[in-house]
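Here is the structure we will look at.
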Amino acid sequence: MMTRNIIIVILLIIAILILAYYYKASSLKLSDKGIVVSVKEKNVLFESNKIKTIPITFSNVNIMQSKLSDGSYFEVATCSPLYAFNQNTKDLVQTLFEAKKVDALFSIRGLSAMRVTLKNAQVINLFVDDNNMKELKFLYGIPYEIFSPAVKTLMGKSFKEFPVGGLFELPMPMSKWNVIHNNLDGIITSLDY
């Protein structure tokens, strides 16, 4: 009886480890070679390096906004302990970029590819990592010629062509972090129930 229970426990542990490996989260990371976007076992590298990083601080959110050598931006936003980011990432992106429309191309295990149409009809190509409710990572400003093949690689057979578009080198960051968006427009929510 005891050995049967031990065998069941061992099988459960093995099953959990296999599931953890198979269902590992997607990610968006800044490495010394550039930005690495990972979905399942597929990786895409956007070769670039940081030119300049600007810290932006609010009472409940801290942002590290980095301009990259390829003209794109990489942002990492973290919440203070009593707050979390809104889990509706599409609405969050729409608010943060003050967008007319946001088209989600895919969302796989915490990583999404989106096309953000601004009020002036310009399009921004964007990846967002929302695996952690207290941290968001954005990579945006990627030209269509680089973004489309990357999305195709990450999506595989489920990829569908999307219209050409996407600003080339961005003159400035396009995200609009401010107190109103953070606290009143619902980008963050209080965990203090």
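The values are calculated or read from the model by the stated rules, or taken from the named source; none is laboratory data. Please read these numbers as outputs of a predicted model, since none were measured by experiment. Virtual Cβ from ideal backbone geometry, glycine too; neighbours counted across all protein chains shown.
Under 7 Å between Cβ atoms, at least 6 apart or on separate chains: pull out the pairs that start in the stretch 180-193 with a residue that is under 16 Å from MET133 (Cα atoms) and end on any residue that is modelled with pLDDT under 75 and surrounded by 17 or more Cβ atoms within 10 Å (Cβ to Cβ).
Short answer, once both residue conditions are applied: ILE187/HIS181; ILE188/ASN182.
Residue check, LYS40 against (1) touching a residue at least 60 places away in the same chain (Cβ under 8 Å); (2) closer than 20 Å to ASN125 by Cα, all met but one. Which one?
Checking LYS40 against (1) touching a residue at least 60 places away in the same chain (Cβ under 8 Å); (2) closer than 20 Å to ASN125 by Cα, the one that fails is (2).
Out of ASN49, ASN86, which single residue is surrounded by 16 or more Cβ atoms within 10 Å (Cβ to Cβ), over 30 Å from LYS157 (Cα atoms) and at pLDDT below 90?
Checking each option against the conditions leaves just ASN86.
The rows are residues; the columns are (1) at pLDDT 95 or above; (2) buried (at least 18 other Cβ atoms within 10 Å of the Cβ); (3) in contact with a strand residue (DSSP E or B) (Cβ under 6 Å, 6 or more places away or on another chain).
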site: GLU41; (1), (2), (3): no, no, no
site: THR57; (1), (2), (3): no, no, no
site: SER69; (1), (2), (3): no, no, yes
site: ILE108; (1), (2), (3): no, no, yes
site: LYS119; (1), (2), (3): no, no, yes
site: MET133; (1), (2), (3): no, no, yes
site: LEU136; (1), (2), (3): no, yes, yes
site: THR153; (1), (2), (3): no, no, yes
site: PHE159; (1), (2), (3): no, no, no
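Looking at ILE124, ILE56, which one is in a strand (DSSP E or B), touching a residue at least 60 places away in the same chain (Cβ under 8 Å) and either on the phi < 0 side of the Ramachandran plot or not polar (S, T, N, Q) (or both)?
Residue meeting the stated conditions: ILE56.
Need at least 3 residues that are touching a helix residue (DSSP H, G or I) at 6+ places or on another chain (Cβ under 9 Å) and either free of Cβ contacts under 8 Å to residues at least 40 places away in the same chain or among the acidic types (Asp, Glu) (or both) per element, so show me which strands (runs of 3 or more DSSP E) inside the stretch 61-109 make the cut, counting only ones lying wholly within it.
Passing ranges, in order: 99-108.
Among the residues of the stretch 127-151, which ones are outside any helix (DSSP H, G or I) and β-branched (Val, Ile, Thr)?
VAL128, ILE142
A quick yes/no check of all residues on (1) among the β-branched types (Val, Ile, Thr); (2) farther than 19 Å from GLN65 by Cα:
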| site | (1), (2) |
| --- | --- |
| THR78 | yes, no |
| PHE97 | no, no |
| PHE106 | no, yes |
| LYS137 | no, no |
| LYS160 | no, yes |
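How many residues does the stretch 93-121 hold that are in contact with a Ser or Thr (Cβ under 6 Å, 6 or more places away or on another chain) and either among the β-branched types (Val, Ile, Thr) or at positive phi (or both)?
Residues that pass the stated criteria total 3.
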